[in-house]
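Right, one structure below, let's go through it.
The values are calculated or read from the model by the stated rules, or taken from the named source; none is laboratory data. Predicted model only: the values in this text are computed from it and were never measured. Because the Cβ atoms are built from the backbone with ideal geometry, glycine has one as well, and the counts that use them run over all protein chains shown. These area figures cover heavy atoms from the full protein model, side chains too; ligands, DNA and RNA do not enter into them. Shrake-Rupley method; radii C 1.70, N 1.55, O 1.52, S 1.80 Å.
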Amino acid sequence: MKPVLYGAFLLTLVPMQATVLHHLSLGGVRPDLVLVSVCLIGFLRGELQGFLSGLLLGFAQDLLSAGDLWLNLVAKSGVGLLSGLVGHQVAHVTTGVVLAGLFIISCCSGLLFLLLTQTGDWAGAALAVRSVLLPQAVFDALVGAGAYWALEERVRNRWALAE
């Protein structure tokens, strides 16, 4: 039953990102729930599950969006792998670690997308960094840290049982 719920969550996340969050934006900025989810899965479940969920969600985003093909697939799977590696290397993952990690990962992901879709207008790119990329990275980090804080007790109990 758990894998079915997990799969259903992952498959409904991308359409929810495209439809519901469009109406819940703050100042025209909305969090990237796919990025946040992939990071949290990587932090909590490890590199393999972070990579695989990033692969699945990135592919779904590429299929449902009008952007560059394969860009989300590669970026989100890399984010899942990276967050899984960070989650294993940090001795004690806290809400602050998740907050900082998600902010950095979101900034790097946004810069990657910006550089790969850049048309040569560097003044416009600088404006996009200040007006969209940084607020979205803060929003992603706050949403992810809030979700981790809500799940932290369950995660701590699971780790205590595993030891």
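Every condition in (1) surrounded by 14 or more Cβ atoms within 10 Å (Cβ to Cβ); (2) under 15 Å from GLY144 (Cα atoms); (3) at pLDDT 85 or above holds for GLY96 except the one numbered (1).
So that you can scan it fast, the table gives a plain yes or no per residue for (1) within 16 Å of the chain's Cα centre (by Cα); (2) more than 19 Å from GLY80 (Cβ to Cβ); (3) assigned to a helix (DSSP H, G or I):
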{"site": "VAL98", "(1), (2), (3)": "yes, no, yes"}
{"site": "CYS107", "(1), (2), (3)": "yes, no, yes"}
{"site": "LEU112", "(1), (2), (3)": "yes, no, yes"}
{"site": "LEU115", "(1), (2), (3)": "no, yes, yes"}
{"site": "PHE139", "(1), (2), (3)": "yes, yes, yes"}
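Identify, please: which residue in segment 10-36 is open to solvent by 50 Å² or more (accessible area, probe 1.4 Å) and at pLDDT below 80 and is, among those, nearest to PHE113 (Cα to Cα)? Reasoning before the result, please.
Within segment 10-36, the first condition is being open to solvent by 50 Å² or more (accessible area, probe 1.4 Å), and the residues that meet it are 11-12, 15-16, 18-20, 22-24, 26-28, 30.
Narrowing the set further to residues that are at pLDDT below 80 leaves 11, 18, 22-24.
Details: LEU11: 23, ALA18: 18, HIS22: 19, HIS23: 23, LEU24: 23 Å.
Out of the qualifying residues, it is ALA18.
For the residues LEU81, LEU127, the requirement of being open to solvent by 40 Å² or more (accessible area, probe 1.4 Å), modelled with pLDDT of 85 or more and in contact with an Asp or Glu (Cβ under 8 Å, 6 or more places away or on another chain) singles out LEU81. Of the numbered conditions (1) more than 15 Å from LEU102 (Cα to Cα); (2) surrounded by 23 or more Cβ atoms within 10 Å (Cβ to Cβ), ILE41 fails exactly one; give the number of that condition. Going through the list (1) more than 15 Å from LEU102 (Cα to Cα); (2) surrounded by 23 or more Cβ atoms within 10 Å (Cβ to Cβ), ILE41 breaks only (1). Scanning segment 51-74 for residues that are open to solvent by less than 90 Å² (accessible area, probe 1.4 Å), in a loop (DSSP other than H, G, I, E, B) and not hydroxyl-bearing (Ser, Thr, Tyr) returns GLY67, ASP68.
Pairing each residue of segment 124-143 that is farther than 13 Å from LEU114 by Cα with any residue that is open to solvent by 40 Å² or more (accessible area, probe 1.4 Å), provided the two are 6+ apart or on different chains, yields C-beta distances under 6 Å for ALA137/PHE103; ALA141/LEU99; ALA141/PHE103. Of the set (1) buried (at least 23 other Cβ atoms within 10 Å of the Cβ); (2) modelled with pLDDT of 95 or more, all apply to PHE103 but (1).
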